Each structure stands twice: as structure tokens, then as C-alpha cells.
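The values are calculated or read from the model by the stated rules, or taken from the named source; none is laboratory data. On a predicted model such as this, the values are computed, not experimentally measured, just so you know. Glycine also receives a Cβ, built like all others from the backbone with ideal geometry; neighbour counts cover every protein chain displayed. The area values use the complete protein model at the heavy-atom level, side chains included, leaving out ligands, DNA and RNA. Shrake-Rupley method; radii C 1.70, N 1.55, O 1.52, S 1.80 Å.
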Amino acid sequence: MAVLVTGGAGYIGSHTVAELLAKGEEVVIVDNLQQGHREAVLGGKLYVGDIRDDAFMDTVFQENEIDAVIHFAANSLVGESMTNPGKYYDNNVYGTLRLLETMNRHGVKRIVFSSTAATYGEPESIPIVETDRTLPTNAYGETKLAMESMMKWFDRAYGMKYVSLRYFNAAGAHASGQIGEDHDPETHLIPIILQVALGKRPHISVFGDDYSTPDGTCIRDYIHVSDLADAHILAVEKLRSGSESGIYNLGNGQGFSVKEVIELARQVTGHSIPAVMEARRAGDPAILVASSERTKAELGWQPQRNSLKSIIASAWSWHQSRPNGYDE
Ligand code: UDP
């Protein structure tokens, strides 16, 4: 039986494909390559196309014996979701609807879903647990929450079981050096900081230093992308063993401010990395830090690469070896 990975040519998707291949799984990948990179797919069978295209997806399900889907294909930029929400409803919400309908047509009843801490919005308390209130502050988080709700109702109606993994901030690169983060345009903090270290940008803009945090900058929980990938495989195994649906946080449980991340990157790279204070970015909550206790207890997940310095170091190796990403 094969695992279908939608968005498997993207950042987290490609790392998950790598882990699935290492486990000896048969892997089928669907990606429209809007954001993904063909070269990021280290193996398996890649189909280039869109999850919203039913005829294309029917072929994928007909040609392969798929027993579980890991669903990454989505847009995931907070800032863009605030200026172009329709794109998020189309690709994320409508795309997931089409995928679930297609799965149902083909009798596939297991899905692991790429969700986000952005579903919580401004947290009621820290660390965030899965039973906390969900009140997204941006359209991206709202669409991911809608996708989770859709899966809940498909479970009720058709017994389609899901595991939704709410990631905090993914960072780092694969130990092999073959794959890493490459978005165009890049908007994420750590890769942008490292582009400054590489001399590709003059400075890092810090979006707001007037938050109610100790140094005034936003606090996030950074988690290594390969630790995220591991959780997806545990989730597939859990669903294959006949488990009920569930929602799980994936984070290290430790928060770092934007200023602290920049300082650590200075230590890792030996570059000065000039920082310029700027206005807040729309939609950003002040603090997002996970409790992943439920995930550890129920999925048996244990992050292996949890020092932020080593996470930044793994990203730095990737960016140094591929300063222009996959396009080089
Ligand atoms: N950030 C920043 N400058 C940048 C990019 C991001 O100050 O050039 C901040 C952003 O406001 C947030 C944190 O860094 O508080 C992490 O942002 P990122 O986009 O990496 O991830 P997100 O938390 O949005 O998923």
C-alpha cells in the first residue's frame, strides 16, 4: 500500500517524503509545483497536478493502491492571507474539500493533515494545549481551522479518520544536505536572517518591538522540520492501527523572541546580521508556544533535534551550500 503526499515537493512535505522513503514506504506525491520544487522530491512517484482537479486526482488514485494521505498542499503565508484571502479559501479550503471527496470516492479513509498554531489566534494561556479556544487572527489560520472542521464532519458522515498536526514554527534542513527551505518570495524569519548573513539582503526587518513580551518582539516555538516529518509517520501508523481521529500540537515547548533568534543566528554564522525595527505585521499574535504533551503521550513522538542553535545551524548549512535554493 502507498502513502499519498499532497504538497510533497514543498518544504515540510519533501522532508516527510524523505522520512517515508527511509522507512521503506511506497510513496506517491502530488504537487502542482506552484511553490514546490521537483528536485526536493528525493524518491517515490511524482504526479504534477492540482488537488482541485478531480479527473487528475482520480487517475492518481486509480493507478496506485493508496491507503493513507498526508495532506500538505496549501498556501501558508500569514501576511499574504491578509491581503489575498480568496486565494487561501480557494487553494486551502476548496482544495481540501475536493481532496476529501476524491478520497471518499476511492474508499480511502485515513488522512494526516498539516495544520498550524495559527488556528489558536491570540492564546488564552501559554503553553497552548489542544483544547484551548481557537480564534484565528489571520485568514491563513481561519482556512486551516475550516479544513479541520471539514475533516471532523467527513469522519462523522463516512468514518474518514484524521490526525491534524498543528505545527508551531518549522525550521532547519535535512541532515543529508539534499533538501531544505526555499520559498519564493521568502517571508519566514530564519531563512531571511540567513540570507542577510549570506549578504543577499542588507538587514533583517523586525516586525514590531512593542508587543507585551520581555524584549517587545514576538515569541515563537521553533521545531526542526525532520521532527515534524517524524510525527506524520507516527500519525499514519496510528491511523493504520485503527485509532480514532485526533488533533495534536507539534512544538518544542520553548519560546524564542525575534531578537533572540537573530542573536543566535549571529553566533551560528559569525556574521553581524544588522536588524532594523519596523511596524508590526498584520495578523501576528505576540506569543505562540506549544504544549506537545498529548502528542508525546498518544503518538509516542519525541523531538530529537530541539536546540534552536542546532536547528539554525542545520538551516545555515543548507543555505550556504544552496544560496539560490533549488534554482541553482
Ligand atoms: N518576522 C520578522 N521579520 C521577518 C519575518 C518574520 O520580524 O522578516 C517575525 C514575524 O513577525 C513573527 C516571527 O518573525 O513574529 C516568525 O515569523 P514567520 O513568518 O517566520 O513565521 P509565522 O510565525 O508567521 O508562521
Please report the carbon-and-sulfur percent of the accessible area for the chain; probe 1.4 Å, protein heavy atoms only, DNA, RNA and ligands left out.
48 percent
Helix-only estimate, please: 222 nm mean residue ellipticity of the chain, summing -39500 (n - 2.57) across DSSP H runs of length 4 or more and dividing by its residues, to the nearest 500.
-11000 deg cm²/dmol
With a 1.4 Å probe and all protein chains left in place, how much accessible area per residue does the stretch 198-278 have, in Å²?
40 Å²
Which of the chymotrypsin sites (Phe, Trp or Tyr not before Pro) found in the stretch 67-157 are in a DSSP loop and have at most 13 neighbouring Cβ atoms, other than their own, within 10 Å?
none
Taking the alpha-carbon distance from LYS296 and a cut-off under 18 Å, which lysines remain once sequence neighbours fewer than 8 residues away in the same chain are dropped?
LYS238
Treating every alpha carbon of the stretch 174-283 as one equal point scatterer without solvent, the Debye formula yields log10 I(q)/I(0) values at q = 0.16 Å⁻¹ of -0.88
Starting from 0.36 nm per residue, how many nanometres of slack lie between SER241 and LYS45 once their C-alpha separation is accounted for?
68.0 nm
Could you go through the stretch 5-14 in sequence order and give the Karplus-derived ³J(HN,Hα) for each residue, using 6.51 cos²θ - 1.76 cosθ + 1.60 with θ = phi - 60°, rounded to whole Hz, and x for Gly and Pro?
10, 7, x, x, 9, x, 4, 6, x, 5
Quick one: net charge around ASN138, please, counting Lys, Arg +1 and Asp, Glu -1 for every other residue with C-beta under 15 Å from its C-beta.
+2
Based on the mean of other Cβ atoms within 10 Å per residue, sort peptides 221-231, 306-316 so the most packed one is first.
221-231, 306-316
Within the stretch 1-41, list the GluC sites (Glu not before Pro) lying in a DSSP loop whose Cβ has at most 14 other Cβ atoms in a 10 Å radius.
none
Whole-Hz Karplus couplings 3J(HN,Hα) for the stretch 67-76, θ = phi - 60° and coefficients 6.51, -1.76, 1.60, Gly and Pro as x, run 10, 7, 10, 10, 10, 9, 4, 5, 8, 9
From phi via Karplus (6.51, -1.76, 1.60), per-residue ³J(HN,Hα) for the stretch 123-131 in Hz, x at Gly/Pro
x, 6, 7, 10, x, 7, 10, 5, 8
Subtracting the Cα-Cα distance from 0.36 nm times the residue separation, let me have the gained length for ASN104 to THR59 in nm, one decimal.
14.8 nm
Percent antiparallel among DSSP beta bridges (both partners in the chain, rounded to 5):
5 percent
For the chain, what relative contact order do you get, as a whole percent, if you take Cα pairs closer than 8 Å and at least 6 residues apart?
19 percent
How far is helix 139-158 tilted, in degrees, relative to the longest principal axis of the Cα atoms in the chain, given as a value from 0 to 90 rounded to the nearest 10?
20 degrees
Nearest 10 degrees, 0 to 90: what angle lies between the long axis of helix 308-321 and the longest principal axis of the chain (Cα atoms)?
80 degrees
For the stretch 53-193, dividing by residue count, accessible area per residue (probe 1.4 Å) in Å² works out to 38 Å²
